[in-house]
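A short write-up of the structure that comes next.
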Amino acid sequence: ADAPTFDRTTLDGIWEEAAYNRQQMVDKITAKVDAGDWGVGSDNVLRGPEGFEIDLNDCPEDWSDTGGISSSEIKIGHTTAQSGNLAAYGNIAVGWNNYLQWINNNGGIDGKDVTLLVKDDGYVAAQTIEFIDELIEAENVFALLTLGSPNSLAVYDKINEECVPHPFIMTGHPAWGDPELHPWTTGLQMSYSTEAILWGTWIKQNLADMLPVTVAGLVMDNDFGLAYELGFEAYAEGNPDVVSEYLPVRHDPAAPTLTNEVTTIAAFDPDVFISMTAGNPCLLAIQEVESSGLLDRLEAAFTPSVCKGIAAYMAPAGMAADGWWIVGGGLKDTTDPKHVDEPFIKFVNKNLSDAGLDPSISLLGTGYVYGYPHTEALMVAAELPGGLSRSNYILAVRNIDIYSPMHLDGIKTVLNGAADGFYIEGSDFSLFDAEAQTWNQIGDVVDANGLSPNCRWDKDQGGCR
C-alpha cells in the first residue's frame with residue numbers, strides 16, 4: 001500500500017510522519033529478525049540488509065552489547081572543536097544537547113535520559129585520540145560522535161575495533177561510506193566527493209558557452225581539504241571538456257590570514273573559484289577574494305557546504321558575500337528568513353530561546369540536524385527484539401529511512417545496509433543574497449540517492465578503493 005501523506009505544515013504532522021516511519025522500520029527489521037535473516041545469529045554475527053555483516057566475535061573480550069546503558073541513562077560521547085580556528089562548530093554540540101534535553105523532558109528514549117559527554121579537542125587529532133580512549137575506557141559510552149575529517153580518520157579504526165556505534169558523524173569525508181571495513185561508522189552530510197562532482201555539474205550546465213574553464217581551489221591543508229581537492233581533481237581529469245586547468249592552493253588550517261594564497265590564485269586568474277576549506281577560513285576567503293579584486297573577474301565563486309551557516313560565515317562578510325554560490329547539501333539554516341516560519345524551525349528556535357541560547361546562531365540549529373536521526377534510530381532500536389543495544393542500534397541506523405525536517409523537500413535521508421553507505425546524496429544549488437541574508441535555491445534539488453559508490457578509503461593513496 002502507498003504510504004499515507006502527512007501534513008508537514010504542522011508540528012503534529014511532522015511527529016505523526018516520524019512515528020509512522022519509525023514503525024515501518026521496526027516492522028521491517030523485526031520481520032527479518034524473526035525469520036532468522038537479520039540480527040545476531042547463533043554464530044554471534046550481526047546481519048542486516050544487502051549483505052551487511054559485523055562479526056561480534058572480533059569485539060574486545062570485555063565488550064558488552066548494552067555498554068553505556070543503565071536503567072536510567074544512555075551515555076553518548078562527543079569530541080568537537082569548542083576552541084581554536086573552528087570553534088564555531090562547537091555550537092552544533094550545544095544545539096544537539098538542547099534537542100536531547102527536550103527528548104529527555106518528553107520521556108527520553110525507552111524511558112531513559114540521553115546524556116551527552118562533550119570533549120573539546122580544538123580540532124587537533126592527537127587530542128581527539130586521547131578523548132576517544134577516555135570515553136571508551138573510562139566512561140564506557142554507548143556510542144560516539146566525532147567532528148572533523150582529520151580527527152575522525154585518526155580514531156575510526158579504533159572505534160570500529162572496539163565495536164562502538166559511531167553514526168552520523170560531523171564530517172562529509174567519503175571514508176564514512178564504508179559499511180564493510182567500518183560498519184560501526186556512518187556520515188550524515190553530503191560527501192565531499194559528491195559535492196565536488198556537483199561543482200563540476202554546475203559549471204557544465206551554467207557556463208556552457210565558455211567551456212572549458214579554469215578553476216582554482218583554496219584548499220585546507222589536511223585530510224578534510226584533500227578529500228575536496230582529490231574529488232574535484234578526479235572530476236576535472238574525467239571532464240577535460242568542462243575544466244581545462246585546475247589549480248589547488250593549500251593553506252595551513254591555523255593560518256590567521258589567507259592573503260598570500262588568494263594573491264597566488266588571483267595571479268592565476270581563474271574563471272571559477274572554489275573555497276575548499278572550513279570554519280573561519282571560509283569567511284576569510286570571501287573577504288580576501290573580494291579585496292583582491294578577483295571577485296569582479298570571476299564567472300562564479302563557491303563557498304563549501306560546511307560553511308552554509310549565515311550567522312557564522314556569510315553575514316560577517318557583509319556585501320562581499322553577495323552572489324556566492326553553494327552546493328548546500330539540502331540543509332536548512334534556522335536563521336534563514338525563508339525557513340523561520342516553518343513549524344520545525346520554530347520549534348528549534350523556541351527550544352533554544354527557552355534554554356537561554358541565542359537562536360540567531362545558526363550552528364546551534366544545526367545541532368538538530370544531527371540530533372534528529374540519532375534519536376529516531378535510538379527509538380527504533382529500543383522497539384526491536386531484545387530492546388536497546390549497540391547491535392540493534394547499528395541495525396536501525398543501517399536501515400534508516402526518514403523524513404528530515406531540517407532538510408529541503410526532495411532530499412532523501414536513507415541508508416541501506418552494505419549497498420548504500422551514504423545518508424545524503426542530494427543537494428540544492430543556492431545563491432547568497434547579502435541584502436536579504438538568505439540563500440536562494442536556483443533550480444530543482446538534485447537527487448542523487450544511491451548513486452555515490454561506497455568508499456573504502458585508502459589512507460596511503462588518498463582515495464577510495
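The values are calculated or read from the model by the stated rules, or taken from the named source; none is laboratory data. Since this is a predicted model, take the numbers as computed values, not measurements. All Cβ positions, even for glycine, are placed from backbone atoms using ideal geometry, and neighbour counts span all protein chains on display. Calculation scope for accessible area: heavy atoms of the full protein, side chains included, ligands and nucleic acids excluded. Shrake-Rupley method; radii C 1.70, N 1.55, O 1.52, S 1.80 Å.
What to note about this one:
- Residues in the range 333-353 that are within 21 Å of Leu100 (Cβ to Cβ) and among the polar types (S, T, N, Q): Thr334, Asn349, Asn351, Ser353.
- Criterion: within 23 Å of Leu363 (Cα to Cα), of a type in the set (S, T, N, Q) and at pLDDT 95 or above - qualifying residue of Asn140, Asn151, Asn106: Asn151
- For Leu384, the criteria (1) part of a loop (DSSP other than H, G, I, E, B); (2) open to solvent by less than 20 Å² (accessible area, probe 1.4 Å); (3) free of Cβ contacts under 8 Å to residues at least 40 places away in the same chain hold in every case but one, which is (3).
- Residue match in the range 442-454 (condition: modelled with pLDDT under 95, under 19 Å from the mean Cα position of the chain (by Cα) and not in a loop (DSSP other than H, G, I, E, B)): yes
- Enumeration of residues in the range 39-65 that are open to solvent by less than 40 Å² (accessible area, probe 1.4 Å) and more than 16 Å from Val164 (Cβ to Cβ): Gly39, Gly41, Val45, Gly48, Pro49, Phe52
- Test result for Asp444, without any contact (Cβ under 8 Å) to a residue 40 or more places away in the chain and either among the small types (Gly, Ala, Ser) or open to solvent by 10 Å² or more (accessible area, probe 1.4 Å) (or both): yes
- Number of positions in the range 192-227 that are of a type in the set (Asp, Glu) and open to solvent by less than 60 Å² (accessible area, probe 1.4 Å): 1
- Meets criteria (of a type in the set (A, V, I, L, M) and either surrounded by fewer than 13 Cβ atoms within 10 Å (Cβ to Cβ) or more than 26 Å from the chain's Cα centre (by Cα) (or both)) for Ala18: no
- Total residues in the range 226-266, condition over 22 Å from Glu290 (Cα atoms) and either among the small types (Gly, Ala, Ser) or in contact with a Gly (Cβ under 8 Å, 6 or more places away or on another chain) (or both): 15
- Complete set of residues in the range 105-155 that are closer than 30 Å to Thr277 by Cα, open to solvent by 50 Å² or more (accessible area, probe 1.4 Å) and among the aliphatic types (A, V, I, L, M): Val118, Val124, Ala126, Ile129
- Search result, residues across the range 68-81 that are of a type in the set (Gly, Ala, Ser) and surrounded by 20 or more Cβ atoms within 10 Å (Cβ to Cβ): Gly68, Gly77, Ala81
- Looking across the range 189-227, the residues that are in contact with a helix residue (DSSP H, G or I) (Cβ under 7 Å, 6 or more places away or on another chain), assigned to a helix (DSSP H, G or I) and among the hydrophobic types (A, V, I, L, M, F, W, C) come down to Ala196, Ile197, Trp199, Phe224, Ala227.
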